[in-house]
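Novice: Below is one structure. I have some questions about it.
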Amino acid sequence: MSKRKDGLTPKERMAIPRAKMPEQNPSARAANFEEVPLGLTPEQAMEEAKRCLDCRKQPCVHGCPVAVQIPEFIKLVGEGKFGEAAKLIKETNVLPAVTGRVCPQETQCEGDCTLFKKYGGVSIGALERFVADYERNNNLVEIPPKPKPTGKKVAIIGSGPSGLTVAGDLILQGHAVTVFEALHEAGGVLVYGIPEFRLPKEIVAAEVDYLVQQGVNFELNVVAGMTITMDEILEEFDAVYIGVGAGLPWFMRIEGEELNGVLSANEYLTRSNLMKGYLFPDYDSPLPQGKHVCVVGGGNVAMDAARTAKRLGAKVTIVYRRAREQLPARGEEVHHADEEGIVFQLLSNPVKILGKDGKVSGMECIRMELGEPDASGRRRPIPIGGSNFEFECDQVIISIGAGANPLLTKTMPDLDLNKWGYIVVDENNRTNISKVWAGGDIVTGSATVIEAMGAGRIAARSIHAELLGLPQPTSEKEEE
Amino acid sequence: MKGEIIINEEVVPNVHRLVLSAPVIAKRAKPGQFVIIIPDEVGERIPFTLSDWSPEDGTITIFYQEAGVSTMKLTRMKPGNVIHTLVGPLGRPSKIEKFGTVLLGGGCYGLGAIYPLAKAFKEAGNRVIGLFEARTTYIVYNEEKLREVVDELYIVTADGSRGLRGHVPEALPYILEKEGKIDYAHFIGCTYMMMVSSRGTKEHNIPTIVAMNTLMVDGTGMCGICRVEVDGNTKFACVDGPDFDGHKVNWDMVFARKHAYVAEENMAYQFYRTQMDGAVNKCAKNRKEGA
């Protein structure tokens, strides 16, 4: 690639301090649903772009599940060519405004950045978000020219991040793409799971609209397996991608879980995000407002639920059975929760939800200590006998994970599933059934938005090759 | 999918019959299944049992009562209006087999909702006994239609104004005496009716199915609000049901959970009414001022 125009030496680049994204201050934002990080200014973005060392080996790109052309787009940002940078990202990532916000960059691209350890990685996520927002806000979004139609039809089941990626990739190849969505809005977890203050819904709508304008057909309120059968889909389409996510909420199976005031995080967040319950009664779906809300779990979903409850005026406690270092949530989310005044009750495990008149009145927990690492590599929490304690709360949100929703898979008796009900696929994300691919959480179990998008990318390549009679792509792992 | 309203009429006081254009659902529906409706763009998702459908006409029929903000909105919609969201059919279809003599009991919206089951059980070769439970005589509806597909129809009213007096348990001994024996029972109606009916059939050892009408959001197994304890296990009414063994349902829990959002539901209802009143007053004022 061509030399950069600013002519800085690596030493000078390293001397530039990492950009700090302005944020709403914690006390103000804990009472509203507006976005927390406000985004970089053009000046900040151009300055931050100078920090990129343009390493020959591009460790950042290897750290990205969809291999965004990171150094190249950063170079364009440095030259003030924001629109071009956005277009370049979109060649490999159909949802840059989304991933710029919700990707765990610190363990992916930024974590692999040469500067990461000593100086803090280049703020790749913030730059990605900046160019995507810049393009959208300045009406620079261009619909790519329509490719020559191949005459092949592809059905995508589920409009979450992996489904949208497959749709975006295949429409560009000239295939006719239909996306079936069970809910009344497209976006999957991006609309029902992730709160407005982390991912404004107008951004998801704009990304979906971008696909619609390219010709992707969205069929909302169609529950595959119920409204339309898999046999009907297979008859009408040349290929099918299943990206239905992992939407079956787990409960703890402890006493008191049936009490009123105990909700799954899925219910709580769906009511708030998809149904706009936080605007009740302007919107009809109620979102219960506890005074003291206890969220059980330590993942990103738990942080989202806790921070939502905080915004509705509750005192919020997160109960997690391991220590702070083991919290599965992104560091940034934990940090934001901390700042907003959410209390962490660590090394504690609920044993019973206390109730009065059928309603939650408190929780009994047992204290835990950490033992030897378990299969996940994290130190296993062990209950300390006799250390039970109780505290008062009037709402409990269970956020201990989700499993495979069998609604569609149980209608496909020949489909290979593993013992947890997830779909088994090969390296190209093909299932054992011909013409059927799968990816995202319904294959891997709960993972990140970008990992689901990466799975979609692999499937899209394989589908495209199959439809045009080309050899199947060899997996990237084999290439290396 | 969006459903255009073909008919929306109050058949008896506070029971409304809604016929919607929904060709895809009409083609796919099976007895015991339900749909989810969002009346307008700010509405909530609420489930309704399918009471009839016609693949030829591409229509579905549901019966509903005005009980909250969503159903109030529905009552105000007119033929030609389009429902914001309509999705289905959802839930597992009811088990339809030849059992012998089948008792089908309906209460409230269930007077309408037992019709497709009656038809299916009849077609499967059963002797089908219909049972309407109502508070009083003037809220009995759908009678002629059900009589077309049942061998016998009993009517039970709480006030004794028509047919047998009381509830299902009081009527059962009489029905059993007349019919000889009942091999299978299936109830659709309000929670109280299904609970006492299940208790009634248990005394006579009649296998009993009830169609749970819990709160729901997505209706696809994603949120878990519809959880019901059946035989000690947690089940989701939307995907594991709605049909469950009435003798194994933990009814106390069902009742408690039904009231999870009563305060909010009342608030939404009052809020909407106030808005409507506000709009009406504004209209009146404009008219007065000649605007």
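Novice: Return the residues of the range A:349-392 that are of a type in the set (Lys, Arg) and in contact with a Ser or Thr (Cβ under 9 Å, 6 or more places away or on another chain); say none if nothing qualifies. Lay out the reasoning, then the answer.
Specialist: Going through the range A:349-392, the residues of a type in the set (Lys, Arg) turn out to be A:352, A:356, A:359, A:367, A:378-380.
Result: A:367, single match.
Novice: Right, here's the next one. Output yes when any residue across the range A:404-427 is closer than 30 Å to residue A:315 by Cα, touching a strand residue (DSSP E or B) at 6+ places or on another chain (Cβ under 7 Å) and of a type outside the set (D, E, K, R), and no when none is.
Specialist: In the first step, residues of the range A:404-427 are kept if they are closer than 30 Å to residue A:315 by Cα; the result is none.
No, every residue in the range A:404-427 fails to be closer than 30 Å to residue A:315 by Cα, touching a strand residue (DSSP E or B) at 6+ places or on another chain (Cβ under 7 Å) and of a type outside the set (D, E, K, R).
Novice: Within the range B:23-68, restricting attention to residues that are of a type outside the set (Ser, Thr, Tyr), touching a helix residue (DSSP H, G or I) at 6+ places or on another chain (Cβ under 7 Å) and under 19 Å from residue B:225 (Cα atoms), which residue is modelled with the highest pLDDT?
Specialist: Only one residue fits best here, namely B:35.
Novice: Kindly indicate whether any position in the range B:84-98 is away from every other protein chain (no Cβ under 14 Å), open to solvent by less than 10 Å² (accessible area, probe 1.4 Å), within 20 Å of residue B:191 (Cβ to Cβ) and not in a loop (DSSP other than H, G, I, E, B).
Specialist: No, the conditions are met nowhere in the range B:84-98.
Novice: For the range A:42-95, name all the residues that are of a type in the set (S, T, N, Q) and open to solvent by less than 10 Å² (accessible area, probe 1.4 Å).
Specialist: Taking the range A:42-95 as the starting set, the residues that turn out to be of a type in the set (S, T, N, Q) are A:44, A:58, A:69, A:92-93.
Hit for the range A:42-95 is A:93, nothing else.
Novice: For the range A:242-268, enumerate the residues that are out of contact with any Ser or Thr (no Cβ under 7 Å at 6 or more places or on another chain), closer than 15 Å to residue B:220 by Cβ and within 9 Å of chain B (Cβ to nearest Cβ).
Specialist: Selection gives A:245, A:247, A:248, A:264, A:266, A:267.
Novice: Give me the residue from the range A:111-146 that is farther than 17 Å from residue A:39 by Cβ and assigned to a helix (DSSP H, G or I) and, out of that set, least open to solvent (accessible area, probe 1.4 Å).
Specialist: A:111
Novice: So the check is Cβ under 7 Å with 6+ separation or different chains; which pairs have a first residue in the range A:209-221 that's open to solvent by less than 70 Å² (accessible area, probe 1.4 Å) and a second one that's polar (S, T, N, Q)?
Specialist: Taking only residues 6 or more apart or on different chains, the pairs are A:217/A:178; A:218/A:159; A:221/B:85.
Novice: Can you pull out the residues in the range B:1-29 that are open to solvent by 30 Å² or more (accessible area, probe 1.4 Å) and either touching a Phe, Trp or Tyr at 6+ places or on another chain (Cβ under 9 Å) or within 13 Å of another protein chain (Cβ to nearest Cβ) (or both)?
Specialist: B:1, B:2, B:11, B:13, B:17, B:23, B:24, B:27, B:28
Novice: Consider the range A:406-420. How many of its residues are open to solvent by 20 Å² or more (accessible area, probe 1.4 Å) and assigned to a loop (DSSP other than H, G, I, E, B)?
Specialist: Count: 8.
Novice: What single numbered condition from (1) closer than 30 Å to residue B:93 by Cβ; (2) surrounded by fewer than 18 Cβ atoms within 10 Å (Cβ to Cβ) fails to hold for residue A:392?
Specialist: Of the numbered conditions (1) closer than 30 Å to residue B:93 by Cβ; (2) surrounded by fewer than 18 Cβ atoms within 10 Å (Cβ to Cβ), the odd one out for residue A:392 is (1).
Novice: Go through the range A:259-279 residue by residue and tally those that are touching a Phe, Trp or Tyr at 6+ places or on another chain (Cβ under 9 Å) and without any contact (Cβ under 8 Å) to a residue 24 or more places away in the chain. Show your work before the answer.
Specialist: So the first thing to find is which residues in the range A:259-279 are touching a Phe, Trp or Tyr at 6+ places or on another chain (Cβ under 9 Å), and the list is A:260, A:262, A:264, A:266, A:269-279.
If we keep only those that are without any contact (Cβ under 8 Å) to a residue 24 or more places away in the chain as well, we get A:271, A:275-277, A:279.
The number of residues fulfilling the criteria is 5.
Novice: Out of the range B:149-180, which residues are open to solvent by less than 10 Å² (accessible area, probe 1.4 Å) and closer than 22 Å to residue B:121 by Cα?
Specialist: B:156, B:168, B:171, B:172, B:175
Novice: In the range A:185-208, which residues are of a type in the set (Val, Ile, Thr), within 14 Å of chain B (Cβ to nearest Cβ) and open to solvent by 10 Å² or more (accessible area, probe 1.4 Å)? Even if it seems obvious, please write down each step before you answer.
Specialist: Initially, the range A:185-208 is screened for residues of a type in the set (Val, Ile, Thr), giving A:189, A:191, A:194, A:203-204, A:208.
Right, trim to within 14 Å of chain B (Cβ to nearest Cβ) and you get A:189, A:191.
Within the range A:185-208, just A:189 meets the criteria.
Novice: For the range A:269-284, name all the residues that are surrounded by fewer than 24 Cβ atoms within 10 Å (Cβ to Cβ) and more than 9 Å from every other protein chain (Cβ to nearest Cβ). Even if it seems obvious, please write down each step before you answer.
Specialist: Narrowing the range A:269-284 to residues surrounded by fewer than 24 Cβ atoms within 10 Å (Cβ to Cβ): A:274, A:276, A:278-283.
Within the range A:269-284, just A:278 meets the criteria.
Novice: Next question, about the same structure. Which is within 21 Å of residue A:405 (Cα to Cα), in contact with a Lys or Arg (Cβ under 9 Å, 6 or more places away or on another chain) and touching a residue at least 24 places away in the same chain (Cβ under 8 Å), of B:208, B:220, B:191, B:214?
Specialist: B:214
Novice: Suppose the filter is open to solvent by 10 Å² or more (accessible area, probe 1.4 Å) and either away from chain B (no Cβ under 14 Å) or aliphatic (A, V, I, L, M) (or both); does residue A:307 pass it?
Specialist: Numbers: open to solvent by 10 Å² or more (accessible area, probe 1.4 Å): no; either away from chain B (no Cβ under 14 Å) or aliphatic (A, V, I, L, M) (or both): yes.
Criteria not met by residue A:307.
Novice: Just need a number here: residues in the range B:181-217 that are open to solvent by 20 Å² or more (accessible area, probe 1.4 Å) and closer than 30 Å to residue B:85 by Cα.
Specialist: 6
Novice: Kindly indicate which of A:182, A:239 is in contact with a strand residue (DSSP E or B) (Cβ under 9 Å, 6 or more places away or on another chain), within 12 Å of chain B (Cβ to nearest Cβ) and aliphatic (A, V, I, L, M).
Specialist: Numbers: A:239 fails: within 12 Å of chain B (Cβ to nearest Cβ).
The match here is A:182.
Novice: Looking at residue A:170 and the list (1) under 22 Å from residue B:86 (Cβ atoms); (2) touching a residue at least 60 places away in the same chain (Cβ under 8 Å); (3) under 25 Å from the mean Cα position of the chain (by Cα); (4) assigned to a helix (DSSP H, G or I), which single condition is not satisfied?
Specialist: Going through (1) under 22 Å from residue B:86 (Cβ atoms); (2) touching a residue at least 60 places away in the same chain (Cβ under 8 Å); (3) under 25 Å from the mean Cα position of the chain (by Cα); (4) assigned to a helix (DSSP H, G or I) one by one, residue A:170 breaks only (1).
Novice: Related question: What strands (runs of 3 or more DSSP E) completely inside the range B:1-68 contain at least 1 residues that are farther than 17 Å from residue B:238 by Cα?
Specialist: Values: elements: B:3-12, B:15-21, B:34-38, B:46-49, B:52-54, B:59-64.
Output list reads B:3-12, B:15-21, B:52-54, B:59-64.
Okay, residues lined up against (1) of a type outside the set (Asp, Glu); (2) touching a residue at least 24 places away in the same chain (Cβ under 8 Å):
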{"position": "A:384", "(1), (2)": "yes, no"}
{"position": "A:400", "(1), (2)": "yes, yes"}
{"position": "A:415", "(1), (2)": "yes, no"}
{"position": "A:441", "(1), (2)": "no, yes"}
{"position": "A:467", "(1), (2)": "yes, yes"}
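Novice: Only one of these conditions is not met by residue B:193: (1) of a type in the set (A, V, I, L, M); (2) over 30 Å from residue B:176 (Cα atoms); (3) at pLDDT 90 or above. Which number is it?
Specialist: (2)
Novice: What do you reckon, is residue B:217 touching a strand residue (DSSP E or B) at 6+ places or on another chain (Cβ under 6 Å), at pLDDT 90 or above and under 30 Å from residue A:184 (Cβ atoms)? Don't jump to the end; show me each part of the working.
Specialist: Working: touching a strand residue (DSSP E or B) at 6+ places or on another chain (Cβ under 6 Å): no; at pLDDT 90 or above: yes; under 30 Å from residue A:184 (Cβ atoms): yes.
Answer is no for this residue.
Novice: Scan the range B:39-58 and report the pairs whose first residue is within 14 Å of chain A (Cβ to nearest Cβ) and more than 26 Å from residue B:141 (Cα to Cα) and whose second residue is acidic (Asp, Glu) and in a loop (DSSP other than H, G, I, E, B), with Cβ atoms within less than 8 Å and a gap of 6+ or a chain change.
Specialist: B:42/A:282; B:42/A:284; B:43/A:284; B:44/A:284; B:45/B:218
Novice: What's the total number of residues in the range A:17-49 that are of a type outside the set (Gly, Ala, Ser), outside any loop (DSSP other than H, G, I, E, B) and touching a residue at least 12 places away in the same chain (Cβ under 8 Å)? Outline the logic, then answer.
Specialist: Here is the first cut: in the range A:17-49, the residues of a type outside the set (Gly, Ala, Ser) are A:17-18, A:20-26, A:29, A:32-38, A:40-44, A:46-48.
Remaining after also requiring outside any loop (DSSP other than H, G, I, E, B): A:23, A:26, A:29, A:37, A:42-44, A:46-48.
In the following step, the residues that additionally are touching a residue at least 12 places away in the same chain (Cβ under 8 Å) were identified as A:23, A:26, A:29, A:37, A:42, A:44, A:46-48.
Residues flagged as of a type outside the set (Gly, Ala, Ser), outside any loop (DSSP other than H, G, I, E, B) and touching a residue at least 12 places away in the same chain (Cβ under 8 Å) within the range A:17-49 amount to 9.
Novice: Given the condition loosely packed, with under 15 Cβ neighbours inside 10 Å and of a type in the set (Phe, Trp, Tyr), answer yes or no: does some residue in the range B:239-255 qualify?
Specialist: Yes, the range B:239-255 contains at least one residue that is loosely packed, with under 15 Cβ neighbours inside 10 Å and of a type in the set (Phe, Trp, Tyr).
The values are calculated or read from the model by the stated rules, or taken from the named source; none is laboratory data. Just so it is clear, the model here is predicted, and its values are computed rather than measured. FYI the Cβ positions are ideal-geometry reconstructions off the backbone, even for glycines, and counts take in every protein chain you see. We work out accessible area using only protein heavy atoms, side chains counted, and drop any ligands, DNA or RNA first. Shrake-Rupley method; radii C 1.70, N 1.55, O 1.52, S 1.80 Å.
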